[in-house]
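Asker: Have a look at this one.
The values are calculated or read from the model by the stated rules, or taken from the named source; none is laboratory data. Bear in mind the structure is a predicted one, so any value in this text is a computation, not a measurement. Cβ: placed from backbone, ideal geometry, glycine included. Neighbour counts: every protein chain shown.
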Amino acid sequence: LPLCFPQKLWEMLESDQFRSIWWSEGGKCVAINKDLFEVEVLGRGVCQRVFNTQHIRSVIRQLNLYGFTKMQRDFQRSASLPEFLSEEAAASAHSQILYYYNPSFNRAHPWLLGTCKRR
């Protein structure tokens, strides 16, 4: 039987094959480098495809259907202009990274994966 979306996602996170997706927040969140993911995962040939799509929007739709919520990263801003500008540059680079959370998708509790159901 083919794996369902959460199982595929888990397998990707646990493999060392992908640099575009990883566990974040101590295994509580999924982090996706959007640009790299589009090339590394969605740009694969038909025989090597992980998902049946080439579009990040479809992957995000699947995340939402399985109860994942997008997390916002909060940055503390410095008062000094040079530090503020350097933090802005870092935040801009960081904005390509998407964070998603689902209470039933936790690296420390793999048995919860079975409770990740499509809405």
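Asker: For ARG107, all conditions in the list (1) over 19 Å from LEU3 (Cα atoms); (2) in a loop (DSSP other than H, G, I, E, B); (3) modelled with pLDDT of 80 or more hold save one; what is the number of the exception?
Answerer: So ARG107 meets the others, but not (1).
Matching residues to (1) loosely packed, with under 12 Cβ neighbours inside 10 Å; (2) modelled with pLDDT under 90; (3) not hydroxyl-bearing (Ser, Thr, Tyr):
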position	(1), (2), (3)
LEU9	no, no, yes
PHE18	no, no, yes
LEU36	no, no, yes
VAL46	yes, yes, yes
ASN52	yes, yes, yes
SER58	no, no, no
PRO82	yes, yes, yes
SER95	yes, yes, no
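Asker: Mind checking which pairs have a first residue in region 34-56 that is without any contact (Cβ under 8 Å) to a residue 40 or more places away in the chain and of a type in the set (S, T, N, Q) and a second that is in a loop (DSSP other than H, G, I, E, B) and surrounded by 14 or more Cβ atoms within 10 Å (Cβ to Cβ), Cβ under 6 Å, 6 or more apart or different chains?
Answerer: GLN54/LEU42
Asker: Name the residue, out of LEU13, LEU3, that is part of a loop (DSSP other than H, G, I, E, B) and closer than 24 Å to TRP111 by Cβ.
Answerer: Just one listed residue meets the conditions, LEU3.
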